[in-house]
1. Between helix A:281-304 and chain A, what is the angle of the helix's C-alpha long axis to the longest principal axis, kept within 0 to 90° and rounded to the nearest 10?
2. Could you tally the net charge around B:Ile25, taking each other residue with its Cβ under 13 Å from the Cβ of B:Ile25, Lys/Arg +1 and Asp/Glu -1?
3. State the answer as a single residue: which of A:Gly69, A:Ile19, A:Tyr32 lies farthest towards the positive end of the charge dipole of the stretch A:1-99, with beta carbon charges of +1 for Lys and Arg and -1 for Asp and Glu, about the Cα centre.
4. Can you give the average number of partner chain beta-carbon atoms within 10 Å of each beta-carbon in peptide B:53-63, as a whole number?
5. Using only Cα atoms, tell me the angle between helix B:12-27 and the longest principal axis of chain B; keep it within 0 to 90° and round to the nearest 10.
6. Show me the ranking of peptides A:4-12, B:37-45, C:11-19, A:288-296 by mean Cβ neighbours inside 10 Å, starting with the highest.
7. For the stretch C:24-97 and the stretch A:277-307, compute the distance between their C-alpha centroids and round to whole Å.
8. If you count the DSSP beta bridges with both ends in the stretch B:132-285, what percent of them are antiparallel, to the nearest 5?
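Values quoted throughout were computed directly from the atomic coordinates according to the rules given, and no laboratory measurement underlies them. Since the model is a prediction, treat every value here as computed from it, not as a measurement. Neighbour counts are summed over all protein chains in view; Cβ atoms, including those assigned to glycine, are modelled from backbone coordinates with ideal geometry.
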Amino acid sequence: MKHLIDILDLSTQEIDELIAVANDIIAHPESYAHRCEGKKLATLFFEPSTRTRLSFEAAMYELGGHVIGFSDAANSSSAKGESVNDTLQMVGCYADIAAMRHFKEGAPLAAAVKSHIPLINAGDGGHYHPTQTLTDLLTIQREKGRFDHLTVGLCGDLKYGRTVHSLIAAMSRYEGVRFVMISPRELRVPSYVPEMLREKGLRYEETDDLDAAMPYLDILYMTRIQKERFSDEKEYLRLKDSYILTPDRLVNAKAELSILHPLPRVNEISVAVDDDPRACYFRQALNGKYIRMALILHLLEKAQEKGNSAAFAGDKDVVFDAAVCNNPRCISTIEQELPRAFRVRGGKRRCVYCECEA
Amino acid sequence: MKHLIDILDLSTQEIDELIAVANDIIAHPESYAHRCEGKKLATLFFEPSTRTRLSFEAAMYELGGHVIGFSDAANSSSAKGESVNDTLQMVGCYADIAAMRHFKEGAPLAAAVKSHIPLINAGDGGHYHPTQTLTDLLTIQREKGRFDHLTVGLCGDLKYGRTVHSLIAAMSRYEGVRFVMISPRELRVPSYVPEMLREKGLRYEETDDLDAAMPYLDILYMTRIQKERFSDEKEYLRLKDSYILTPDRLVNAKAELSILHPLPRVNEISVAVDDDPRACYFRQALNGKYIRMALILHLLEKAQEKGNSAAFAGDKDVVFDAAVCNNPRCISTIEQELPRAFRVRGGKRRCVYCECEA
Amino acid sequence: MKHLIDILDLSTQEIDELIAVANDIIAHPESYAHRCEGKKLATLFFEPSTRTRLSFEAAMYELGGHVIGFSDAANSSSAKGESVNDTLQMVGCYADIAAMRHFKEGAPLAAAVKSHIPLINAGDGGHYHPTQTLTDLLTIQREKGRFDHLTVGLCGDLKYGRTVHSLIAAMSRYEGVRFVMISPRELRVPSYVPEMLREKGLRYEETDDLDAAMPYLDILYMTRIQKERFSDEKEYLRLKDSYILTPDRLVNAKAELSILHPLPRVNEISVAVDDDPRACYFRQALNGKYIRMALILHLLEKAQEKGNSAAFAGDKDVVFDAAVCNNPRCISTIEQELPRAFRVRGGKRRCVYCECEA
């Protein structure tokens, strides 16, 4: 069974195909209005996320299908101690495809192990959020017409911002892409990101100066400094206003700059920027619906094919043992019977669910 | 874009048309069963209201459309600090029309400012609830066959009862209507209501004696004394039983009296009254579905037309300045970037969102 | 109006018919895909239950209908003090059939009294859960081909496990059925169960030894020891692991044993048992959808017929008086205007709602 847990589960060719389908849907929505008739999507949201959930639901309805599900953990069976794996096996009796949002890292992967319906990761804690990345990629493609030879600025909370990490991972597969990572020192990207970029021979810079970087950017990806990621509220209050985009900051920007934001925003982009034609974030929200339509179609089609192997089964680098993952945000810390599994690569041992080093 | 924020956004002619369409839907439901095929309604309920939400959802389904949304604030992006305006712009990517319930006064108006889909106010705090008023009007029309020359009794909590205020505003546009406002002294209508009625030259009385008023009424509109409106629980307990309708109180009522109630009731109408043919409140709940069907059709049709201006844009009496609204229940008190705006009329300055005097 | 409150509301003939329809749906799903077009199911969940709710919703969608409703009490009008009877009368304006889950015993019966749409009890506290029993019966029929002459083991929490009580009641109507009730002494079935079995002349045993009972069983019905039923957490922790099913315990079981579980499970069945062909519980979850489809069709058909009497109206053994039910979990303890009613039979007086002795 083919699932989408991590954006890297998709080859660049598959991403190109999804984008082509999304563009075709935008051009000919009526041809897709009945493609999923009689099919059901389950939206399993163990933590609330209105935008992502509504985007999935709108996508399924525009394909002619139906939606069942829940929008927070309190209304789910997990409150009674059920494993995500059991939840998904149960849901597989009622729906044809599922999207899962979970507060624990690795939960969708853990859930997918035995699933006989395709599962889409709709965000697992601070870990992955591949449909956001697909949305970002469709937006870049529609605004820029290409993925290569772009200077991509990423601004705000780069430490905890999973959408940023995934976008860097996805864009690093294209030629001539250059990253400018703009954040306060305390919120820089984790060290594995520059390591990965160096390995791939890609150009990047880290800076805390948005204004200095502005003139060089083709894309400016703004992110929210999320209150819920801070344990210290004072630290949050000190930093949250550091990187607010206002019209006067855009004076030196390129005319063809594209400003993206995963939304919701708080105040990191001033409302006055909305009327600037370079502001793409509401178009981006709309693209989110279309790429999810393409993805649902793609996975339902793949589900017909046999032989897709589940999750990490058959991966020779994976060892199963009794060790416990040290990451308190990992799904393996709350599920008793989940097989403990670690991937050994380059002398390092990482939990297969959350990918933290063990 | 045409929205419905306040019942007075609709002319009496528009209300007549909506009622005519609702009556036609009741007579020929099958002709309407596919009118909204492929369309989506978003129900954005920042505070729970089962009846209103289910009524909207049933309406959309009976028109052949779909529904997405959320049923409480905890499951919405607002928990992350998003403005209602951003929420509605986002939702506009996923739905064709939206209904919003919010705990803050003026929230739907604030949300509608930039919306490119029609928005229906489904209740904003103690402020407006125009679809309830439309429901009441359809019920009066169906039960009485007319709006003019009726004696309308309003009983219970007239101070905080927004459905009462809106019904008075709507009915005061018809000829020969007389209001009997029955409540304990502490829960009388706000002073602007009698002022408005005097200005319009309409007859009204204020009394605390339900039994004395009973024989004269064509309509008796009962309301719940809402616990959540009282800061002092003792005061609530003392007053809540003051105006309970029982079968023996109806002995002196007209044979053709119509008893309305917006529901839910607690105990202000005894269950024993339900079997009286003069009890209209469950028929009223049913009418709520039909008038919402008519309204959804009307606003979707209007959305095709160009040139409808948004909200208070272009209103020459509106001034924008930095002053803050004094009403703690106003949406402007919780949204940082909402333009502060006041309407100046007759020497008074009122917040455009909540209409409180500033 | 025909409702389903208690599994014994259905004759064995009606159950046979429902099972026959469910089997026909499984064989020919396409013939049922449009049966409920234009119809709406209301799912009224005053306490969360994902599985049951999703199962009902999937059932309605696979019949071509729509679903409205709520998934917890916080989002319902009951938070404002509305009676379940009023809720159902209101919902009857918006939906064609309803399923209710409630935390109070007898709530669905109380709600059904005046309803003009069919109501399905989707679980009322620790009292009834007839659609789970129908699910269990369909599973037994599909796995075993018959209901008579079976040895049925019931294991776990037999004291509070309402699914167990209902299954025993339903199976006790078939010939030659023998029950083996396996539980710690503290969690044995209530005394009325063995009394009822003795009255009917059925064979049964009570034991605390799962391993000794295993070789004789045709069916093993496992249940969760539910944390929420214990007031003392230590007692819960001491007992919860007592009856865990593992592969080695199945060594002496029959080759054609069928293992059932209402789900969700916590750890009472080891995940390692899932791959055993005797494990039926995920097939059982799937059967839950099909039997609910059959039930919805059955009740909607019956709703066309006139003359079905509501609830306990016309029951000569029922007396109405002012006495209050002693059971704190009974719906009559929280609803002011609900008629107090008791059924007198065999010298005993039982509350009609919760059936507790008064």
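1. 30
2. On the way: positive: B:Arg35, B:Arg142, B:Lys289, B:Arg292; negative: B:Glu17, B:Asp24, B:Glu30, B:Glu62.
Around B:Ile25, the charge tally is 0.
3. A:Gly69
4. Partner Cβ neighbours, averaged per residue: 5.
5. That helix lies at roughly 80 degrees to the long axis.
6. Ranked from most to least packed, the peptides come out as A:288-296, B:37-45, A:4-12, C:11-19.
7. 30
8. Values: 0 of 19 bridges.
So the antiparallel bridges amount to about 0 percent of the total.
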